[in-house]
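Step one of this worksheet: look at the structure below.
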Amino acid sequence: MFIILKMQAVSYRVRPESLAVREGQTVTLRCAFIGLTAQSVVIWEGPPNFNVMSTDRMVDSLYKRHRITGNSARGEYNMEIDDVQVSDAGGYRCSTLGLQEKAEMMLDVIVPMKKPPKITLSDASSTAGQSLTLSCRTTEGSPLPTLTWFNGTTQVQQSNMKLTEDLSIASLDLVLLELTRWDHGRNFTCVADQGHPQLAASTASSTILDVKYSPVVRIRSQSVRSNEGETLDLSCDVDSNPPADVSWQKLRGSIPTNAENRGGTLRLPTLDRTAAGVYQCHAANGIAPSGVGSATLTVQYPPHITSNFNRKTSPFVGQEGFSLPCEAEGYPEPRVRWRRKGTKLYFGNPLQFSRIDYDMEGDYECVASNGQMRDAVRQIFLDVRGKPYINTVSLKVSVRSGDTARLVCEILSDPLPEETRWLRRGPGQQDKPVTASQRAGIREEETTSPRGVTNTLVISHVGRSDGGVYVCETTNTFGTFQREFRMDVKDTNTHAVVIASVTVIVLLILFATIFVCIAKRTGLTAGAKREKTTGSTLTASRALPPLPPYMDSRSVPVLDPDDMTGLELQDFNGTLKPRPPPRMDKQPYSIGLSYPSLMHPLPPYSTVERQRPDGEDNMVDSPYLEDPWVTEVT
């Protein structure tokens, strides 16, 4: 007879698992089986080297802080350790016979670090361009912590670090191959982590780099523009370690004596034009190279005329190529022009005259402007000197027999004429003086002004024998000038005038009578009355034509400043006449001036060609030969 024994295989119901516990705490290593019999023996093995610690529920006397807990009926054999020590750390096994494999576990006993890791630098005095090693070390904690470097909050790549292999020391070096000024002030942190944050918090140490570097200078504004008289601060920002000493200097010049050096700021009170230039900010802290920054200062100031011309200049009549230059300085660079005083018509610089005459005499102003500040003005008086010139416009006089004739001779002269006389031109171009002794009723009237003399020859009770050519001759220190006047005397026939007047009146009465008769027959008169009773009025179809724009009611020239095209001031009294086209082979005047206050862009005495009355070839008039009867005596 065979007896069959059914045996159940032993297996783990609770396998031992690795644990971590903080030193001094109580820990339970759990272990439970399925299939144990009464003869089964459970064994616990532990450090060092898996020594047998207990058999079944009996613990070796060497392990006084250890005991077996749990329900044996359920196969529970838990190892409980009080006041865990670092020596308890290691590998443990819970086993029994019949197991195919023995389960192992690790017990880690965590001893927190009492202080953070220590950081040391290879060079206490670090300078930009050099290398630097930062070492992080610790011998505390169990297990030894893992060290990590952070730059601020960013973890540093491991390629820059070197780990020490000594098992009793945790050490990690961070190598900075080349320091820069940007490394100054950086916060490097070494973090020590034991891997069990719930049992031991990580600790950290930090260091802030102190990197020495040469000054770096930055000028806030490299181009500064200011006005004369203002206060200006020139500033430069200096970045250096250690702090630098800052000084200022001016290239190709000296800093104004009233300047205030405030380190990074140079104050320039009450600027003047000499303060303009290039200013440099120098910074030095003992580390080469020194820092330099430049700022260019531009001082704006109003125009100033630098030409030292006299208050008065005296050119001579007929002088050619006369010019008045004017120079000025200022910033922005001024524009220099000329104008006749009291006018707004400007001319270029220098003021040029192709030929001088008396109409050009007067005050002229050099005006320098730069568009932003007040203009600079300097005045000069053009005092024209030379031999006399007769400026009379009317050279032909028509007078009735028996009336009084007035021949007006207007003379421009500086100095004033020494002598003025009238001559009568007879046959053979012979001139004889006209005097009061020749006959009664002849006299001279003369008035003097700063510009010259007006001499009038008055002939009362003119007769036919008084007609002809008269010559006004005037002389001063520089020479003599003559001008011819032609006087025509017309007879007066009173009887013929009376007869003509009566005849005209009779004809007018006759025409009026005929018109009234015709109107009555055609009913025009009745129609006119009807229109009158209806109150209708007649309106002119168009207005009377206006007077010429340059003539007033007294036939005196009136100029419109915007309509002076084609007119030229030819004579002293400002009478206007059409300006003939200048000859292309003659140089026109650079400017034209009216007298006494009006101005015109062309010269008052243009050189023109005239046709002789007898049809001969053209002749060229000089500025003093206004008509065919002008004679110049030298």
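The values are calculated or read from the model by the stated rules, or taken from the named source; none is laboratory data. What you see is a predicted model; the values in this text were computed from it and never measured. FYI the Cβ positions are ideal-geometry reconstructions off the backbone, even for glycines, and counts take in every protein chain you see.
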message: Looking at Ala192 and the list (1) of a type in the set (Gly, Ala, Ser); (2) under 23 Å from Ser126 (Cα atoms); (3) assigned to a strand (DSSP E or B), which single condition is not satisfied?
response: (2)
statement: Reported set for the range 389-408 where residues are under 60 Å from the mean Cα position of the chain (by Cα) and under 12 Å from Thr454 (Cα atoms) is Tyr389, Ile390, Asn391, Thr392
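Quick one: in the range 209-250, which of the residues that are part of a loop (DSSP other than H, G, I, E, B) and touching a Pro at 6+ places or on another chain (Cβ under 8 Å) is surrounded by the fewest Cβ atoms within 10 Å (Cβ to Cβ)? Before the answer, list the steps.
At the first step, the residues of the range 209-250 found to be part of a loop (DSSP other than H, G, I, E, B) are 209-210, 220-222, 228-231, 242-244.
From the residues that got through so far, the ones that are touching a Pro at 6+ places or on another chain (Cβ under 8 Å) too are 228, 231, 244.
Values: Glu228: 18, Thr231: 10, Ala244: 23.
Among those that are part of a loop (DSSP other than H, G, I, E, B) and touching a Pro at 6+ places or on another chain (Cβ under 8 Å), it is Thr231.
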field: Pairs where the first residue, in the range 312-328, is closer than 22 Å to Pro415 by Cβ and the second is among the aromatic types (Phe, Trp, Tyr) and part of a strand (DSSP E or B), C-beta under 6 Å, 6+ apart
entry: Lys312/Phe381; Pro315/Phe322; Phe322/Phe353
task: Inspect all residues belonging to the range 30-51 and state whether any of them is part of a loop (DSSP other than H, G, I, E, B), basic (Lys, Arg) and closer than 30 Å to Pro197 by Cα.
output: yes
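Based on what the data block shows, is Leu107 among the aliphatic types (A, V, I, L, M) and crowded, with 19+ Cβ neighbours inside 10 Å? Break it down into steps so the answer makes sense when it comes.
Details: among the aliphatic types (A, V, I, L, M): yes; crowded, with 19+ Cβ neighbours inside 10 Å: yes.
Yes, satisfied.
Filter the range 418-431 for residues that are surrounded by 12 or more Cβ atoms within 10 Å (Cβ to Cβ) and either under 19 Å from Arg464 (Cβ atoms) or touching a Phe, Trp or Tyr at 6+ places or on another chain (Cβ under 9 Å) (or both) and give the result. Break it down into steps so the answer makes sense when it comes.
Filtering the range 418-431 down to residues surrounded by 12 or more Cβ atoms within 10 Å (Cβ to Cβ) leaves 418, 420-425, 431.
Trp422, Leu423, Arg424, Arg425, listed by residue number.
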field: When residues of the range 445-481 are limited to those that are in contact with a helix residue (DSSP H, G or I) (Cβ under 9 Å, 6 or more places away or on another chain) and within 22 Å of Tyr358 (Cα to Cα), the one surrounded by the most Cβ atoms within 10 Å (Cβ to Cβ)
entry: Gly452
query: Does Ser205 count as assigned by TED's automatic domain parsing to the domain that holds Gln194 and surrounded by 15 or more Cβ atoms within 10 Å (Cβ to Cβ)?
result: yes
task: Being in contact (Cβ under 8 Å) with a residue 12 or more places away in the chain, surrounded by 12 or more Cβ atoms within 10 Å (Cβ to Cβ) and of a type in the set (Asp, Glu) is the filter here, so list the residues in the range 9-62 that pass it.
output: Glu23, Glu45, Asp56
task: Considering (1) within 17 Å of Thr474 (Cα to Cα); (2) touching a Pro at 6+ places or on another chain (Cβ under 7 Å); (3) surrounded by fewer than 19 Cβ atoms within 10 Å (Cβ to Cβ), say which one Pro388 fails and leave the rest.
output: (3)
task: Read through the list (1) in a strand (DSSP E or B); (2) at pLDDT 90 or above; (3) more than 15 Å from Ile390 (Cβ to Cβ), then give the number of the only condition that His461 fails.
output: (1)
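For Trp182, indicate whether it is without any contact (Cβ under 8 Å) to a residue 24 or more places away in the chain and either surrounded by 14 or more Cβ atoms within 10 Å (Cβ to Cβ) or not polar (S, T, N, Q) (or both). Lay out the reasoning, then the answer.
Working: without any contact (Cβ under 8 Å) to a residue 24 or more places away in the chain: yes; either surrounded by 14 or more Cβ atoms within 10 Å (Cβ to Cβ) or not polar (S, T, N, Q) (or both): yes.
When the stated conditions are applied, Trp182 passes them.
Filter the strands (runs of 3 or more DSSP E) completely within the range 101-153 down to those with at least 2 residues that are over 24 Å from Asp210 (Cβ atoms), touching a strand residue (DSSP E or B) at 6+ places or on another chain (Cβ under 9 Å) and β-branched (Val, Ile, Thr).
Working: elements: 103-110, 118-121, 132-138, 146-151.
Because the criterion is at least 2 residues that are over 24 Å from Asp210 (Cβ atoms), touching a strand residue (DSSP E or B) at 6+ places or on another chain (Cβ under 9 Å) and β-branched (Val, Ile, Thr), the strands (runs of 3 or more DSSP E) in the range 101-153 that meet it are 103-110.
Answer with yes or no whether Glu484 is exposed (fewer than 14 other Cβ atoms within 10 Å of the Cβ), under 18 Å from Val393 (Cα atoms) and touching a residue at least 12 places away in the same chain (Cβ under 8 Å). Can you show your working first?
Values: exposed (fewer than 14 other Cβ atoms within 10 Å of the Cβ): no; under 18 Å from Val393 (Cα atoms): yes; touching a residue at least 12 places away in the same chain (Cβ under 8 Å): yes.
Against the criterion (exposed (fewer than 14 other Cβ atoms within 10 Å of the Cβ), under 18 Å from Val393 (Cα atoms) and touching a residue at least 12 places away in the same chain (Cβ under 8 Å)), Glu484 does not qualify.
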query: For residues in the range 351-384 being of a type in the set (Asp, Glu) and more than 23 Å from the chain's Cα centre (by Cα), which is surrounded by the most Cβ atoms within 10 Å (Cβ to Cβ)?
result: Asp359
message: Of the conditions (1) in a strand (DSSP E or B); (2) under 32 Å from the mean Cα position of the chain (by Cα), Arg424 satisfies every one except a single condition; which number is it?
response: (2)
statement: The correct count of residues that are more than 21 Å from Gly321 (Cβ to Cβ) and among the acidic types (Asp, Glu) in the range 339-366 is 2
